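To keep things clear, I will list the structure first and then write my remarks on it.
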């Protein structure tokens with residue numbers, strides 16, 4: 001039997017197929033580098049001053065303002081904000097529970113005090129809408145995983161309703177029983193896009209820009225990077241450290257202990273005014289001394 005025929009009948013094991021070759025590994029590295037570069041560009045475009053944020057939020061109204069406040073004040077992704085349910089908001093502890101975020105992980109983030117009362121009023125309107133739906137024979141909502149089979153009546157409870165429900169009930173039979181879904185992502189995207197134009201901002205601002213601004217301003221305020229990582233839901237702290245690259249502060253954003261002594265007033269007046277070397281000529285002799293400015 002020839003060598004070529006022997007090569008045809010050699011079996012290929014599963015481990016051989018699963019092992020990534022050099023081309024595949026290179027493609028993965030390239031994709032990761034491109035993703036990091038794209039994220040870094042987005043972080044640089046984040047609106048970081050209070051005047052820019054105030055101008056943008058001032059140009060928003062209604063549900064658009066409320067969603068932008070949660071994106072900026074809680075660091076939510078747009079999809080996470082859209083999928084919020086009433087029971088996930090804790091007004092007592094000032095917390096928002098994010099269910100099945102990126103990577104299918106849950107996390108807890110802050111509920112801004114500035115948005116509590118407007119959010120309460122919004123949820124009251126959502127409650128009245130849900131009551132009208134129940135009276136009309138609707139009021140169901142999609143439940144995650146197998147909860148619909150375990151709790152057959154839970155889809156009618158107010159706690160499981162979307163915080164930002166759609167304006168119309170979906171009656172398409174392909175999606176099961178008639179129910180009211182959450183808002184489409186195009187609603188906040190269009191609202192923020194129009195607000196950027198009215199506010200006169202030049203930077204390319206979108207819903208995700210609000211999340212970048214949240215992280216950047218927390219780090220500028222001196223919060224620990226691990227805390228910011230948990231609030232953002234990053235799996236790797238290296239992703240969070242991308243925000244430190246745009247803070248424009250030396251020493252990786254760390255304040256020198258000497259500067260802290262100066263701010264606290266520990267350093268004396270003489271320590272703040274360094275002496276300068278001088279040279280004097282007296283009777284043909286050169287003498288060296290030091291004077292203070």
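The values are calculated or read from the model by the stated rules, or taken from the named source; none is laboratory data. None of the values given here were measured: they were computed from a predicted structure. Using ideal geometry, Cβ is built from the backbone for each residue, glycine included, and neighbour counts are taken over all protein chains shown.
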- Item | residue 143 more than 22 Å from residue 62 (Cα to Cα) and surrounded by 12 or more Cβ atoms within 10 Å (Cβ to Cβ) | yes
- Message: Looking at (1) loosely packed, with under 12 Cβ neighbours inside 10 Å; (2) in a loop (DSSP other than H, G, I, E, B), which one does residue 117 not meet, given that it meets all the others?
- Response: (2)
- Any hit, the range 195-202, residues being surrounded by fewer than 18 Cβ atoms within 10 Å (Cβ to Cβ), in contact (Cβ under 8 Å) with a residue 60 or more places away in the chain and not in a helix (DSSP H, G or I): yes
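Any idea which of 79, 87 is assigned to a helix (DSSP H, G or I), farther than 18 Å from residue 210 by Cα and either in contact (Cβ under 8 Å) with a residue 40 or more places away in the chain or within 19 Å of the chain's Cα centre (by Cα) (or both)? Before you say what the answer is, go through the steps one by one.
On the way: 79 fails: farther than 18 Å from residue 210 by Cα.
That would be 87, the only listed residue that is assigned to a helix (DSSP H, G or I), farther than 18 Å from residue 210 by Cα and either in contact (Cβ under 8 Å) with a residue 40 or more places away in the chain or within 19 Å of the chain's Cα centre (by Cα) (or both).
Here are some residues: 134, 123, 119. Which one is in contact with a helix residue (DSSP H, G or I) (Cβ under 8 Å, 6 or more places away or on another chain) and over 16 Å from residue 84 (Cβ atoms)? Break it down into steps so the answer makes sense when it comes.
Numbers: 123 fails: over 16 Å from residue 84 (Cβ atoms); 119 fails: over 16 Å from residue 84 (Cβ atoms).
Step by step, each of 134, 123, 119 is checked, and only 134 is in contact with a helix residue (DSSP H, G or I) (Cβ under 8 Å, 6 or more places away or on another chain) and over 16 Å from residue 84 (Cβ atoms).
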- Which of the following residues is at pLDDT below 90 and under 17 Å from the mean Cα position of the chain (by Cα): 232, 201? 232
- residue 227 assigned to a helix (DSSP H, G or I), under 16 Å from the mean Cα position of the chain (by Cα) and within 16 Å of residue 71 (Cβ to Cβ): no
- With criteria (1) over 30 Å from residue 58 (Cα atoms); (2) part of a loop (DSSP other than H, G, I, E, B), residue 131 comes up short on (2)
